[in-house]
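Structure first, commentary second.
The values are calculated or read from the model by the stated rules, or taken from the named source; none is laboratory data. The shown structure was predicted, so the numbers you read here are calculated from the model rather than taken from an experiment. With ideal geometry, Cβ positions are generated from the backbone for all residues, glycine too; neighbour counts draw on all protein chains shown.
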Amino acid sequence: MDTQAAITAFAALAQDHRLQVFRLLMRQAPYGLPAGQISGCLGIPASTLSTHLAQLERAGLLQSWRDQRRIFYAADTQGLGNLLTFLTEECCHGRPDLCGYESQDIPPPFETPVKGRPVEREKLPMHEDRVFHVLFLCTGNSARSIIAECLLNDLGRGRFWAYSAGSQPKGEVHPYALELLQNYHYATDHLRSKNWEEFTGPDAPPLDFVFTLCDEAAKESCPVWPGQPMTAHWGLPDPAAVEGTEAVKRFAFIDTMRMLTQRIDIFINLPTAKLDRLSLQQRVGAIGKTTPQESRA
């Protein structure tokens, strides 16, 4: 990489929305996301997002391809590797080993998809046959579903891509939920409270599973989800409704995270490739019947 190319890359990242986009796609690597999904995750209007995506791609930091009617974008990890090499290749007077690493051999962290064609997910290394898209729902989308989204995106290790939404979203993530997730070092930059209608449009991802986490959301008439997903109710008490001291309230959020961690751990270890649809439906439904007492036992 020459100096001008490096300047172009730094200039592309030196803007709040473009930096958010790149960080989101790095978390999703090696997979890509459609533009509409990026817009929904980050709350960036589609009219301005296209400009940001184009600038990142010109800078060699993104790749794009068309899959039917949608354009997908993925982080170009080779481009990032070139930028890191440019920064460090002459460090420590040409002795990068003195800095604790070999700058001339910085590999991309993931296999980068070939530009101009869709990612063939079933052929990517270290992953199952496909990526499952999961939507968590509760009425307010400020606590339980937000925590579940964060946990599955981390514990799913690339096999699952999680989202959350609400029928009557609060419009903001509960501060205790954010505090708890940040204390456990989860990425929270992209989290926001949003309406479930975002997942019904033409740019919405085809969903494989939809889980309701509160009784109110389970009773409501849900929209028609793309992809004909499997649904189940994983009801949990609302930690935001707990009253008492600050310690009592915070413990309610910790308990919610503990229960969700247990259920998600069971879910991601289901032998999905070996189960027929009926058996899988029974298994995911049974996960939601796990009680707090059984979990503690």
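Write out, first by first residue and then by second, each pair whose Cβ atoms fall under 7 Å of each other, whose residues are 6+ apart or on separate chains, and whose first residue, in region 251-275, is farther than 20 Å from Y176 by Cβ while the second is of a type in the set (D, E, K, R) and surrounded by 14 or more Cβ atoms within 10 Å (Cβ to Cβ).
Close Cβ pairs satisfying both conditions: I268/R159; L270/R283; L275/R283.
Considering only region 146-159, I want to know if a residue exists there that is among the basic types (K, R), surrounded by fewer than 23 Cβ atoms within 10 Å (Cβ to Cβ) and farther than 22 Å from R27 by Cβ. Full working, then the answer.
Here is the first cut: in region 146-159, the residues among the basic types (K, R) are 157, 159.
Right, trim to surrounded by fewer than 23 Cβ atoms within 10 Å (Cβ to Cβ) and you get 157, 159.
Narrowing the set further to residues that are farther than 22 Å from R27 by Cβ leaves none.
The answer is no; no qualifying residue exists.
Just to check your reading of the model, which residue among G171, G166, G235 is at pLDDT 90 or above and loosely packed, with under 15 Cβ neighbours inside 10 Å?
After ruling out the rest, the residue left standing is G171.
Name the pairs: first residue in region 7-23 and assigned by TED's automatic domain parsing to the domain that holds L53 and within 20 Å of T77 (Cβ to Cβ), second residue charged (D, E, K, R) and assigned to a helix (DSSP H, G or I), Cβ to Cβ under 7 Å, at least 6 apart or on different chains?
Final answer for the pair search is A12/R18.
For residues that are in a helix (DSSP H, G or I) and at pLDDT 85 or above, scanning just region 284-297, find the one that is nearest to V131 (Cα to Cα).
Only one residue tops the list, namely V284.
Starting from residues that are modelled with pLDDT of 80 or more and of a type in the set (A, V, I, L, M, F, W, C), keep the ones in region 211-232 and report whichever is farthest from S142 (Cα to Cα).
Ranking the candidates gives M230 first.
From A74, A29, grab the single residue that is closer than 24 Å to H133 by Cα, at pLDDT 85 or above and of a type in the set (A, V, I, L, M, F, W, C).
A74
Is it the case, given these coordinates, that A241 is among the hydrophobic types (A, V, I, L, M, F, W, C) and surrounded by fewer than 16 Cβ atoms within 10 Å (Cβ to Cβ)?
yes
Of all residues in region 174-185, which are crowded, with 16+ Cβ neighbours inside 10 Å and over 11 Å from N141 (Cβ atoms)?
Selection gives Y176, L178, L180, L181.
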